[in-house]
Amino acid sequence: MRRLAHDGVLVVGAGLAGLSAALAAAPRKVLVLSEAPLNRGCSSAWAQGGMAAALSEGDSAAQHAADTVAAGSGLVDPAMARILTEEGPAAVRALAALGAPFDRTAQGGFAQSLEAAHSRPRVARVKGDQAGAAIMDAVAVAMLAAPHIEVRTDHRLRGLLQDAAGRVRGVVVEQEGALVEITASATILATGGIGGLYAVTTTPAELRGEGLGLAALAGAVIADPEFVQFHPTAIDIGRDPAPLATEALRGEGAVLVDASGAHFMARYHPDAELAPRDVVARAIHAEREAGRGAFLDAREAVGAAFPEEFPAVFAACLAAAIDPRTQPIPVAPACHYHMGGVATDADGRTSLTGLYAAGECASTGVHGANRLASNSLLEAAVFGARAGRAAASEAQPEPGRMGRIVAPQLPEPALQSLRRAMSRGAGVVRSAEGLRRLLDDIHRLEAVHGRAPALVAARMVAACALARTENRGGHFRSDAAEGDAIARRTFVRWSDVVAADAWKFAAE
């Protein structure tokens with residue numbers, strides 16, 4: 001196997017977290033590896049709503065932090081929320097300085113939208129629903145112009161390199177069918193979420209939790225894997241991935257109706273359409289299960305302005321012969337964001353020396369059990385940059401013997417079977433019976449295909465969901481009480497899951 005030595009920081013993944021880390025690591029040399037071409041295959045480029053930050057008069061980082069903590073159902077780390085919200089405005093302004101064309105008011109300030117569970121409008125956006133793509137375009141241009149950064153695409157992560165002490169020393173990648181070892185002083189995983197483990201997702205389908213799975217196999221602590229956020233309003237037109245009807249539509253006044261045109265959200269929450277995402281997702285799930293259907297009606301709220309104000313949603317609807325100016329949009333919950341991930345500190349350090357994580361594959365504790373709307377791009381920018389600066393300070397370790405963890409790949413038919421099983425067993429509404437069936441399905445796939453990273457990630461989600469016998473945030477058990485008196489995060493290693501036969505350990 002060929003080995004390359006990189007004297008600097010290695011970043012795996014080219015979403016906003018990865019590119020923010022790469023830029024912040026200057027002047028240290030950075031090698032960015034991505035399986036897909038730039039701005040493809042990452043959730044950041046697909047984000048519609050924007051970036052939440054206290055940018056307007058009358059708002060404050062403290063208010064933003066309070067909303068973040070409230071949305072997280074008792075599991076947000078307040079210190080992490082303070083970092084996010086205090087450093088957030090500067091992060092948005094820095095992106096604007098790079099050329100991200102945020103919408104502006106007549107006075108030149110940031111135009112900000114109201115989204116669910118925010119106490120005031122604070123979401124900076126681009127042309128209604130174009131924020132992710134526009135931000136990523138600006139960051140990619142800056143990154144390609146940076147002399148300290150080299151980018152290599154068509155490199156798929158297949159494993160991690162570790163020395164005898166357990167320090168991560170780099171990665172194994174597949175490039176043009178061959179495996180290559182790349183050593184580095186520090187490795188940052190910015191590999192995205194787990195949407196591709198679900199049959200219905202709003203994220204790129206190639207995001208299958210493989211970074212999380214490989215980190216778990218290497219012995220890293222994983223935090224809160226059971227907490228998966230389902231976006232309430234994926235556009236239900238049979239596409240994979242499902243296009244998204246941004247939450248900003250409800251912020252503008254769009255309403256949810258059933259097939260008869262009756263409004264239903266007020267029956268589920270006093271904030272109706274602006275209730276937290278998990279509440280709205282379960283309400284839509286319940287209406288669909290009851291046979292009444294669910295539709296997002298933006299005819300009055302947006303109407304003729306759709307092409308200019310929400311062009312991505314408008315185009316997706318027209319492609320399915322739906323005109324949202326005159327017709328309600330059929331919607332369904334879809335896997336959208338993973339609050340769990342590789343446990344990190346405020347600077348992206350994991351429990352394994354030499355390994356950092358940032359973005360959706362990491363768990364900083366800032367999202368708790370339920371991510372506040374439009375905090376994800378902000379977290380990627382803020383904590384991605386912090387991880388890049390910290391990783392740049394790592395000294396090149398002395399040469400030594402290394403082992404490698406190269407996990408098998410999951411064939412496409414098996415992956416599709418897993419996706420269907422995950423949606424059935426670890427979806428919007430869960431139960432012990434359904435989760436045990438899911439774990440049985442995962443064990444059967446493991447017996448045939450080995451411990452593929454996607455299966456490891458799925459098993460972490462399912463085992464921890466079964467262990468958490470309460471309802472909290474995005475985790476809802478139909479057979480559980482409303483919530484324990486004491487809120488506890490989950491911290492677990494792969495060895496714990498295996499030793500306890502996958503479902504008998506308790507959340508710490």
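The values are calculated or read from the model by the stated rules, or taken from the named source; none is laboratory data. Keep in mind it's a predicted model, so treat the numbers as computed, not measured. Because the Cβ atoms are built from the backbone with ideal geometry, glycine has one as well, and the counts that use them run over all protein chains shown.
A few comments on the model shown:
- Close contacts from the stretch 141-165, counting a first residue that is farther than 23 Å from ALA178 by Cβ and a second that is crowded, with 21+ Cβ neighbours inside 10 Å and of a type in the set (D, E, K, R), with Cβ to Cβ under 6 Å and a gap of 6+ residues or different chains, come to ASP163/ARG169.
- Residue check for GLN409: more than 25 Å from the chain's Cα centre (by Cα), among the polar types (S, T, N, Q) and not in a helix (DSSP H, G or I): no
- Every condition in (1) within 30 Å of ARG93 (Cα to Cα); (2) touching a strand residue (DSSP E or B) at 6+ places or on another chain (Cβ under 7 Å); (3) assigned to a helix (DSSP H, G or I) holds for ALA381 except the one numbered (2).
- Here the helices (runs of 4 or more DSSP H) wholly within the stretch 244-346 that include at least 1 residues being of a type in the set (D, E, K, R) and within 30 Å of THR85 (Cα to Cα) are 248-251, 277-289, 306-309.
- Any hit, the stretch 321-335, residues being surrounded by fewer than 24 Cβ atoms within 10 Å (Cβ to Cβ), without any contact (Cβ under 8 Å) to a residue 60 or more places away in the chain and aliphatic (A, V, I, L, M): yes
- Any chance VAL76 is over 24 Å from LEU23 (Cβ atoms) and touching a His at 6+ places or on another chain (Cβ under 8 Å): yes
- Residues that are in a loop (DSSP other than H, G, I, E, B) and either surrounded by 15 or more Cβ atoms within 10 Å (Cβ to Cβ) or modelled with pLDDT under 95 (or both), drawn from the stretch 132-153: ALA146, HIS148, THR153
- Here ARG430 fulfils each of the conditions (1) closer than 21 Å to LEU75 by Cβ; (2) surrounded by fewer than 20 Cβ atoms within 10 Å (Cβ to Cβ); (3) of a type in the set (D, E, K, R) apart from (2).
- Check on ARG277, closer than 30 Å to TRP494 by Cβ, within 25 Å of the chain's Cα centre (by Cα) and not hydrophobic (A, V, I, L, M, F, W, C): yes
- Residue list for the stretch 82-125, filter: closer than 16 Å to ASP67 by Cα and either aromatic (Phe, Trp, Tyr) or touching a His at 6+ places or on another chain (Cβ under 6 Å) (or both): THR85
- Per the listing ARG404, ARG371, ARG420, the residue uniquely touching a residue at least 60 places away in the same chain (Cβ under 8 Å), farther than 30 Å from ARG167 by Cα and surrounded by fewer than 21 Cβ atoms within 10 Å (Cβ to Cβ) is ARG420.
- Any hit, the stretch 306-323, residues being closer than 30 Å to ALA22 by Cβ and in contact with a helix residue (DSSP H, G or I) (Cβ under 9 Å, 6 or more places away or on another chain): yes
- Filter result (over 22 Å from ARG158 (Cβ atoms) and crowded, with 24+ Cβ neighbours inside 10 Å) within the stretch 20-38: SER20, ALA25
- Residue that is farthest from SER393 (Cα to Cα) [pool: residues in the stretch 1-21 that are touching a helix residue (DSSP H, G or I) at 6+ places or on another chain (Cβ under 6 Å) and of a type in the set (A, V, I, L, M, F, W, C)]: LEU16
- Those residues of the stretch 94-126 which are among the charged types (D, E, K, R) and either touching a Cys at 6+ places or on another chain (Cβ under 6 Å) or surrounded by fewer than 16 Cβ atoms within 10 Å (Cβ to Cβ) (or both), in sequence order: ARG104, ARG120
- Search result, residues across the stretch 52-68 that are of a type in the set (A, V, I, L, M, F, W, C) and surrounded by fewer than 20 Cβ atoms within 10 Å (Cβ to Cβ): ALA61, ALA62, ALA66
- The listed residue being of a type in the set (Gly, Ala, Ser) and over 23 Å from GLY425 (Cα atoms), out of ALA242, ALA272: ALA272
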